[in-house]
Each structure stands twice: as C-alpha cells, then as structure tokens.
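Engineer: Let me begin by handing over the structure; questions about it come next.
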Amino acid sequence: MKKGLLVLMILALVMPVFANGVQEEGAYPERDVTVIIPWSVGGMTDVLTRPIASWLEKDLGVNFIVENKTGGSGVVGSMLVENSVNDGYTIGTTSMSTVSAKYVSPVYPDIHNVELISQVITIPAAVTVNADSPWQTLEELIAFAKANPGSLKNANSGIGASAFIYAASFGAITGIEMNHIPYAGYAEGVTALLGGHVDLTNIPLPDVAQHVQSGTLRMLAVASAERHPDFPDVPTLKEKGYDIVLGNYSGFVAPKGTDAEKIKILDDAIGRCLQDPAIRSFLLKAGYQPLYSNRVEFAAVVADAEAQLEYLVNELGIEFVDD
C-alpha cells in the first residue's frame, strides 16, 4: 500500500512535467525575448532599437534583451538570427545591408531565410546642393545637367559604396550624367559640398539635415515614399515624377518558420510603438524618419531594394564595396 502511494505521489509530481511537454504554450510572449543587433553598440540600428525594445517590454510584459552580435559588417549577427530556434523568442534587426551583403561578402545572410516582422524607420537619400548654387528647384538642376552632360560634380563615398549607389540610381532614373567625385565618407562629401568643391550630393538626409536647417545647404528633393516631417516643404522624387525610393531602412525579423500568430503579435506591438509621440520624437531627433510598415508592406520595401540593387549590378555594371 505504501509503495502504491509512493508511486502515485511520484506520478503526481512528474505528470505536470510531461504534460507541459505536450500542452499548447500559454499566451505569447510568456518569457524573455532576445533581440539580436548585427552591428555595434552606439551604431544606427543600436540607437533606434533599444528604445523600441524598452517600449515593447512595457507593452507585452516580458523582457526584450538586446544583444549586439557584430562581425562581417552585419553578416555574423544576421546569420545568427537565421539559424536561431524559430519559437518567437529570438528576433533580430535588418537593413538594406542584409540585401546588399551578397555583393560584398563570400558568406552572407539571405533576407528570404527570415520572416519579416515590421519596418520602423527609413533613411532616405536626398538631392542637396549648396545654398549659393543657382538651382532653386529639382527641375532647374536636371535641366542644367541635361544641357551640360557630365559637368555636375556629385560628392559620394566611392565607386560601389552607398552614396555612389544613390547617385548612380538618381542619374539613371532622371537621365542625367554626372561626374562622380569620391570621398572617404559622408562627412567628407558634405564638407566638399559646403566648400563649393562639388555641385550636389545624394548623401542621406540625416547627414545634411543640420546644414539645410542652418541655411548653408539647400535640399531639392528627398528620395522617400513620403515627405519628411522635419522638411515638409521638400518634395519627394516620386512627386516630381521619378518613381524611386532610395536610401536605407531598418526593421525587425524572426527566424524562418516562426509562427505567424507570434509574428502578428510582435508586428501589432511595434505598430503601436511607432504611434507613441515620445518614440517618434526620439527617432526624429536622432535623424531617422519613423515609418511603420507591417510585414506585408515591409516585404514590398525589401523587394524594391532587391530590384534596385539587381538593376545597378546587371544594368549599370556597378561593383559594390563594403562601406
């Protein structure tokens, strides 16, 4: 009898353990979520991801633990996300560099090996000239360029680097020829424009914003889907008849095969986050343009980025470099 009671007691203790192995999970999320950032602390993605992760903690009631996994210009961390367990408790961040990685690295992540969750920002390229230049509008600049092929000097970050990609795309879509002047980076290119050594640049908006606001540079257009909140008077290239959206973006992804309902819970929460005035204000002050896109809309953004890069490689013969 005593042995029988002992067996029943042991079964009573272990049965919940076995049951937990076969029962459905509780409401997601019910434990900590790890957020992998493939870039370093203090970088673009790190700066924007941490406040969003903190907001999600309050909204969903679990910890969102941010981990920076650097290496290979984002390759290491991105591939770590790809190879993580697809239970919804490991997610990561992505940007256009995930798409372009295959052009600069022998081993690279594949955006199709993850599930898209949400886009959170866009960093558009811009068309910027010196405030003392004769061109007040995009139309005037393009008209001059077409009348004087190759005479405009465009400051970028070197053949195949990001600012060169933006400039080459801008030239191709508008049908103008420019003289591309390479600089070590964005800062040097902007300095050249400020000094009147070049005529324009397509360097992204955050890097020219303060000079436009101070009146030393003039932004003629922005290559985003919609006007930037800080520059409501600057038209988009799309408004001007050029169907092009250029620049970087950042968003969240999960390992391939993550349950669709879990993706939706995260997506909806991120959507609520991007409506928070404090989050939007933080991102704008940091130089980013808040732009929430759900997973379907985000897929269209990624597909467009892939198409742009393929066009540059296959049609324009551009060779990418890692910058």
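The values are calculated or read from the model by the stated rules, or taken from the named source; none is laboratory data. All figures in this text were calculated on a predicted structure; none of them were measured in a lab. Here the Cβ is made from the backbone with ideal geometry for all residues, glycine too, and neighbour counts use every protein chain on show.
Residue by residue, here is whether (1) more than 24 Å from residue 166 (Cα to Cα); (2) touching a strand residue (DSSP E or B) at 6+ places or on another chain (Cβ under 6 Å); (3) aliphatic (A, V, I, L, M) holds:
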{"residue": "41", "(1), (2), (3)": "yes, yes, yes"}
{"residue": "57", "(1), (2), (3)": "yes, yes, no"}
{"residue": "87", "(1), (2), (3)": "yes, no, no"}
{"residue": "90", "(1), (2), (3)": "yes, yes, no"}
{"residue": "94", "(1), (2), (3)": "no, yes, no"}
{"residue": "101", "(1), (2), (3)": "no, no, yes"}
{"residue": "104", "(1), (2), (3)": "no, no, yes"}
{"residue": "122", "(1), (2), (3)": "no, yes, no"}
{"residue": "132", "(1), (2), (3)": "no, no, no"}
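Engineer: Okay, moving on. On the basis of being at pLDDT below 90 and closer than 18 Å to residue 263 by Cα, does residue 57 make the cut?
Structural biologist: On the way: at pLDDT below 90: no; closer than 18 Å to residue 263 by Cα: yes.
Against the criterion (at pLDDT below 90 and closer than 18 Å to residue 263 by Cα), residue 57 does not qualify.
Engineer: Let me ask something additional. Would you say residue 42 is touching a helix residue (DSSP H, G or I) at 6+ places or on another chain (Cβ under 8 Å) and either modelled with pLDDT under 90 or within 25 Å of residue 277 (Cβ to Cβ) (or both)?
Structural biologist: no
Engineer: Pull out all pairs, ordered by first then second residue, where Cβ-Cβ is under 6 Å, the residues are six or more apart or on different chains, the first lies in the stretch 273-290 and is in the same structural domain as residue 49 (by TED's automatic domain parsing), and the second is at pLDDT 85 or above and among the hydroxyl-bearing types (Ser, Thr, Tyr).
Structural biologist: Once the first residue is in the same structural domain as residue 49 (by TED's automatic domain parsing) and sits in the stretch 273-290, its partners that are at pLDDT 85 or above and among the hydroxyl-bearing types (Ser, Thr, Tyr) give 274/292; 289/122.
Engineer: Now for a different question. In this structure, does residue 306 turn out to be of a type in the set (D, E, K, R), modelled with pLDDT of 95 or more and either assigned by TED's automatic domain parsing to the domain that holds residue 51 or surrounded by fewer than 15 Cβ atoms within 10 Å (Cβ to Cβ) (or both)?
Structural biologist: On the way: of a type in the set (D, E, K, R): yes; modelled with pLDDT of 95 or more: no; either assigned by TED's automatic domain parsing to the domain that holds residue 51 or surrounded by fewer than 15 Cβ atoms within 10 Å (Cβ to Cβ) (or both): yes.
Here the answer is no, as residue 306 does not meet what is asked.
Engineer: Would you mind stating whether residue 265 is closer than 16 Å to residue 29 by Cα, of a type in the set (Val, Ile, Thr) and in a helix (DSSP H, G or I)?
Structural biologist: Here the answer is yes, as residue 265 does meet what is asked.
Engineer: If you don't mind, another one. Does any residue in the stretch 112-136 that is more than 30 Å from residue 87 (Cβ to Cβ) come within less than 8 Å, Cβ to Cβ, of a residue that is aromatic (Phe, Trp, Tyr) and modelled with pLDDT of 95 or more six or more places away or on a different chain, and which pairs are these?
Structural biologist: The qualifying pairs are 129/135; 134/144; 135/144.
Engineer: If we scan the stretch 144-151, do we find a residue that is in a loop (DSSP other than H, G, I, E, B), without any contact (Cβ under 8 Å) to a residue 12 or more places away in the chain and not polar (S, T, N, Q)?
Structural biologist: no
Engineer: Same structure again: Just one of (1) of a type in the set (A, V, I, L, M); (2) under 23 Å from the mean Cα position of the chain (by Cα); (3) in a loop (DSSP other than H, G, I, E, B) trips up residue 208, so point out which.
Structural biologist: Every condition holds for residue 208 apart from (3).
Engineer: Here's another thing I want to ask about it. Looking only at the stretch 285-303, which residues are surrounded by 16 or more Cβ atoms within 10 Å (Cβ to Cβ) and part of a helix (DSSP H, G or I)?
Structural biologist: So the first thing to find is which residues in the stretch 285-303 are surrounded by 16 or more Cβ atoms within 10 Å (Cβ to Cβ), and the list is 287-295, 298, 301-302.
Hits for the stretch 285-303 are 295, 298, 301, 302.
Engineer: Sticking with this structure for a sec: For the stretch 158-204, name all the residues that are within 25 Å of residue 239 (Cβ to Cβ), surrounded by fewer than 17 Cβ atoms within 10 Å (Cβ to Cβ) and in contact with a Pro (Cβ under 8 Å, 6 or more places away or on another chain).
Structural biologist: 177
Engineer: Follow-up. Quick check on the stretch 247-257. Is at least one of its residues in contact (Cβ under 8 Å) with a residue 24 or more places away in the chain, part of a loop (DSSP other than H, G, I, E, B) and within 30 Å of residue 87 (Cα to Cα)?
Structural biologist: Yes - at least one qualifying residue is present in the stretch 247-257.
Engineer: Quick one: how many residues across the stretch 180-205 are farther than 20 Å from residue 151 by Cα and either assigned by TED's automatic domain parsing to the domain that holds residue 300 or not in a helix (DSSP H, G or I) (or both)?
Structural biologist: Counting residues in the stretch 180-205 that are farther than 20 Å from residue 151 by Cα and either assigned by TED's automatic domain parsing to the domain that holds residue 300 or not in a helix (DSSP H, G or I) (or both) gives 3.
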